[in-house]
Amino acid sequence: MEKYMEKEGEGFSERKGIDTPEEIKIPELEGIDGILEEVEKIASMAALTEEEANELLEKRFSAIEELRDLDRAVKERLGSRTEPLAGATSEEYDKLAEEGIIGEKDAPRLKKIDEIVGKLEALENPSAASAAEMERLKKLKELAGEKIESRIEERRAEEVKKMEEAKDDMLAEFAEKLSALEKIIAEAEENPKVMDRLQDMAKEEIGKIEEEKKKEKEALVKKTERYVASLLSKHSEAFKRYAEISGDDRLEDSLLEGLKKRDEQELRNKIDSVRGKVLNAVIDGEGKGRIKQPKEIMPWLSRSSVPYFDAVNFLRYRGTEHLLRDLAKGGDERAVKLLESRETIIAENEVLRMLAGKKWIVDRKTGEKKLSAVYSAFEKRRENDKKGIT
């Protein structure tokens, strides 16, 4: 066997001529290092205590909050950056002096030039010497202005370059922090215990939201019930009064049927017939056959804890209809009845407004605005009462 040969000064020995045994390999263990590392990682996750899982969860929440703060800060810093010397002109001497574009002594000199030129220009009959001096000062001012403009542009270019460099640095810093925070969040979410807790929290939050929605729906249903009850009662009283005046107990049903059929001529004939009797009851009626107040036949004029138009508009609102239909599909019997009542009320409101007519109309001949027949009938009765006619 040959002796060892050493290289001096290199701190190692080099063996020559020694037979080394072949490395023993187990084929089944080839490539297992990565698997072992992954299994070890999974095992450590599974062994995580409840307290450690809570810490990891809190770490995740903190990282997410930091991300939001970071995003806001970057947007604010970028948004606050404006072009340097934006809007500056060659005549804003004090501002230019502050920015170092001109010297401190230059500002008052330029102001003095402007002052003298102004005085010379104001002269009605300037002398030749004055005119020459004015031109000389103007030329001097023009040259100074050109130099100032050139310096402003140079300064702007420099500042914009610096600003872009600062912006790049800031965005790079942001990207680095972003990457670090995202890594924290990802590592936390890899843990099954953390994910289980997140899912439980999500379910709890969804439960709260669903409970709130349920309460909101219930409140809207109760509001709808109150409005429906009020409007049905008011409409019933108005139609009852119309029936008494017209002598037709089926008046409401016949008018609603006419509205449903959309036979405008038939409905108009019935409306005109009833309206004629109403006018007589207002102007000449006595006792129970007299309509004393418009609110007897116009429910929107009566005062109550439930404003008429608020209630009608609420029922007409598409959102109310959609809510009731969704609840009805889910088997809510109250919603089914409220939908039926809603349709009835909207139809009754249309018929009652047709019976009363518009309050104001325009005279086709004169173009003047005046009260319509039913409304003016009440005015006529008041005048007749004052005169002793009725």
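The values are calculated or read from the model by the stated rules, or taken from the named source; none is laboratory data. Just so you know, these numbers come straight off a predicted model, no measurement behind them. Don't worry about glycine lacking a Cβ; one is built from the backbone with ideal geometry, like all the others, and counts go over all protein chains shown.
Checking each residue in the stretch 120-159 for being polar (S, T, N, Q) and either surrounded by fewer than 11 Cβ atoms within 10 Å (Cβ to Cβ) or touching a Pro at 6+ places or on another chain (Cβ under 7 Å) (or both) picks out 125, 127. Of the residues making up the stretch 280-301, those that are surrounded by 17 or more Cβ atoms within 10 Å (Cβ to Cβ), aliphatic (A, V, I, L, M) and not in a loop (DSSP other than H, G, I, E, B) are 281, 282, 283. Within the stretch 311-334, the residues that satisfy the criterion of being under 30 Å from the mean Cα position of the chain (by Cα) and touching a residue at least 40 places away in the same chain (Cβ under 8 Å) are 311, 312, 314, 315, 320, 323, 324, 327. You will find that of 229, 281, 238, the residue that is among the aliphatic types (A, V, I, L, M) and either under 13 Å from residue 352 (Cβ atoms) or in contact with a Cys (Cβ under 6 Å, 6 or more places away or on another chain) (or both) is 238 and no other. Within the stretch 363-378, if we keep just the residues that are out of contact with any helix residue (DSSP H, G or I) (no Cβ under 8 Å at 6 or more places or on another chain) and surrounded by 11 or more Cβ atoms within 10 Å (Cβ to Cβ), the residue that is nearest to residue 281 (Cα to Cα) turns out to be 376. Return yes or no: is residue 183 surrounded by fewer than 13 Cβ atoms within 10 Å (Cβ to Cβ), of a type in the set (D, E, K, R) and modelled with pLDDT of 90 or more? Criteria not met by residue 183. So which of 304, 341 is in contact (Cβ under 8 Å) with a residue 60 or more places away in the chain, in a loop (DSSP other than H, G, I, E, B) and either surrounded by fewer than 17 Cβ atoms within 10 Å (Cβ to Cβ) or not acidic (Asp, Glu) (or both)? Result of the check over 304, 341: 304.
Name the single residue that is nearest to residue 348 (Cα to Cα) among those in the stretch 238-291 being of a type in the set (A, V, I, L, M) and under 47 Å from the mean Cα position of the chain (by Cα). Within the stretch 238-291, the match that is nearest to residue 348 (Cα to Cα) is 256. You will find that of 197, 250, 268, 262, the residue that is at pLDDT below 95, surrounded by 16 or more Cβ atoms within 10 Å (Cβ to Cβ) and of a type outside the set (A, V, I, L, M, F, W, C) is 197 and no other.
Looking only at the stretch 270-277, decide whether some residue is outside any loop (DSSP other than H, G, I, E, B) and either aromatic (Phe, Trp, Tyr) or under 20 Å from residue 385 (Cα atoms) (or both). Yes. List pairs: first residue in the stretch 226-237 and closer than 15 Å to residue 346 by Cβ, second residue surrounded by fewer than 14 Cβ atoms within 10 Å (Cβ to Cβ) and hydroxyl-bearing (Ser, Thr, Tyr) anywhere in the structure, Cβ distance under 7 angstrom, at least six positions apart or on different chains. Every condition considered, the pairs that remain are 230/304.
Scanning the stretch 87-119 for residues that are of a type in the set (A, V, I, L, M) and either closer than 27 Å to residue 153 by Cα or crowded, with 16+ Cβ neighbours inside 10 Å (or both) turns up 88, 96, 97, 101, 102, 107, 110, 113, 117.
When the stretch 307-333 is filtered for residues that are among the charged types (D, E, K, R) and either farther than 19 Å from residue 226 by Cα or part of a loop (DSSP other than H, G, I, E, B) (or both), the ones remaining, listed by number, are 326, 329, 332.
Only residues that are among the aliphatic types (A, V, I, L, M) and either closer than 16 Å to residue 147 by Cβ or part of a loop (DSSP other than H, G, I, E, B) (or both): list them for the stretch 100-134, please. Across the stretch 100-134, the qualifying residues are 101, 102, 107, 110, 113, 123.
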